[in-house]
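Below is one structure, written out as C-alpha cells, with a few remarks after it.
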C-alpha cells in the first residue's frame with residue numbers, strides 16, 4: 001500500500017514539508033515541519049506549521065509521527081509546536097547524539113542540555129521499520145551532509161532530506177561539522193539502489209538556473225540518470241572533488257545559528273532564564 005503525499009512549500013526557507021497519509025486508516029506522519037523565525041527581531045511564528053495542522057484537522061487524520069530527516073541548518077523545526085496541538089511522536093536518526101555533542105560544545109549549552117537524544121520520542125537506526133497506519137516504512141541511514149541524516153522509505157515514496165536536490169540542482173553540501181563528501185557518495189548510492197519507480201521527495205528547492213518553477217518530486221531512475229553532480233558514471237573521486245570545490249564557495253545559511261540550537265532540541269527553544277525569556281546564542285568566530 002502506498003501513501004498519499006501532500007506537500008507544503010515554505011518560500012522563506014525554500015523548505016518542503018509533507019503530510020504522508022494512509023488514506024484507509026486515516027492516519028498520517030508529518031515530515032520536516034517549519035517554524036518561522038525572523039533573525040533580525042528574534043520573533044518566531046507558527047504560520048507554516050499551522051498550515052499542516054489545519055490540513056490534518058480538515059481531513060480528519062490522526063497524527064502518529066513527526067519525522068525529522070536530520071538536524072536542519074536552514075530552518076527551525078515546527079515539531080514541538082505541532083506536537084502540542086496534535087500529539088504524535090517526534091523521531092530522528094539515532095546519530096543525532098553526535099550532532100548534539102558537537103553543537104553542545106560549540107554553543108556551550110551547559111549540563112542542562114541533554115546530549116542523549118532524549119528530547120525525541122524515537123531514535124531510528126539503519127534498517128529500522130515502522131508503520132503509518134497500514135503502510136510499511138523503513139529507515140536508511142544516509143549521512144554525509146550531517147552524521148544524523150536519514151531517508152524515510154514509506155511505501156513507494158522516499159523522503160531524502162538534504163541528501164539530494166532536484167536533478168538539475170545536484171546534491172547536499174558536506175562542509176558542516178561531521179559532514180563528509182565520500183560518505184555522502186555512499187549514501188546516495190544506497191538511495192539509487194531503490195527501485196527505479198520510487199518517488200523521491202526533496203526537503204528543499206532553490207530553482208536551478210533556467211527553471212521557472214519550484215519542484216521537489218522526482219524518481220530514483222531520473223536522479224540516477226540525470227543528477228547534475230552524481231549521475232551514473234560519476235566516480236567517487238570525481239564527486240568528492242566537485243563537492244569539496246563547490247562547498248568552498250558556499251556561504252553559511254542565514255538561519256544556521258538559531259536553527260541548530262532549536263532543532264537539536266527537537267524544535268524547542270532553550271529553557272527560559274530567570275526573567276522569563278528564552279535566549280539563543282551567537283558564538284563569535286566559531287565557524
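Applying D = kT/(6 pi eta Rh) to the stretch 5-122, where Rh is the Kirkwood radius over alpha-carbon pairs, T corresponds to 37 °C and eta to 0.692 mPa s, the Stokes-Einstein value obtained is 217 µm²/s.
Let me check I have the definition right: for the stretch 102-250, take the eigenvalues of the Cα gyration tensor, multiply each by 5, take square roots. What are those semi-axes in whole Å, largest first? All intermediate terms of the calculation are to be shown ahead of the outcome.
Numbers: eigenvalues 134, 96, 40 Å².
In descending order the semi-axes read 26, 22, 14 Å.
Please give the peptides 178-184, 16-22, 235-241 ranked by average Cβ packing (other Cβ atoms within 10 Å per residue), highest first, as a rough proxy for protection.
Details: 178-184: 20.3, 16-22: 23.6, 235-241: 13.4.
Final packing ranking: 16-22, 178-184, 235-241.
Each principal axis of the Cα cloud of the chain was taken in turn, and the coordinate range along them, longest first, works out to 58, 49, 37 Å.
Determine the gain in length on full extension of the stretch residue 7-residue 272; use 0.36 nm per residue of separation and subtract their C-alpha separation, reporting nm with one decimal. Could the numbers behind the result be given before it?
On the way: separation 265, 0.36 × 265 = 95.40 nm, distance 3.34 nm.
So the extension gain works out to 92.1 nm.
The DSSP beta bridges internal to the stretch 4-249 are antiparallel in roughly 70% of cases.
Can you tell me the equivalent ellipsoid semi-axes for the stretch 217-287? Use √(5λ) from the Cα gyration tensor, largest first, whole Å.
Details: eigenvalues 302, 59, 14 Å².
The answer is 39, 17, 8 Å, longest axis first.
Of all beta bridges DSSP finds with both residues in the stretch 148-287, what is the antiparallel percent, to the nearest 5? Present the calculation step by step, with values, prior to reporting the outcome.
Details: 7 of 10 bridges.
Of the beta bridges lying entirely in the stretch 148-287, close to 70 percent run antiparallel.
Helices in the chain, meaning DSSP H runs of at least 4 residues, each add -39500 (n - 2.57). Divided by all residues, the mean residue ellipticity at 222 nm is -7000 deg cm²/dmol.
Determine the shape class of the stretch 53-181: with a ≥ b ≥ c the square roots of the Cα gyration tensor eigenvalues, call it rounded for a/c under 1.5, and otherwise prolate if a/b is greater than b/c, oblate otherwise. Verdict is oblate for the stretch 53-181. Take the Cα of residue 252, go 7 Å toward its beta carbon, and the backbone nitrogen atoms of the stretch 46-87 under 19 Å from that spot belong to 71-77. Sequence-distant contacts, meaning Cα pairs under 8 Å at least 6 residues apart, place the relative contact order of the chain at 18 percent. Sorted ascending by nearby beta carbons within 10 Å, beginning with the fewest, 185, 279, 152 become 279, 185, 152.
Once the chain from residue 189 to residue 226 is taken as fully extended at 0.36 nm per residue, the excess over their C-alpha distance is 11.9 nm. Extension gain, residue 41-residue 279: 0.36 nm per intervening residue step, less the Cα-Cα distance, totals 84.4 nm.
In terms of its C-alpha gyration tensor, the stretch 69-109 comes out prolate, because a/c is 1.5 or above and the ratio a/b outweighs b/c.
Any read-out appearing in this document is the output of simple, stated calculations on the displayed coordinates, not a laboratory observation. On a predicted model such as this, the values are computed, not experimentally measured, just so you know. Counting neighbours? That spans all protein chains shown, and the Cβs are built from the backbone with ideal geometry, glycine included.
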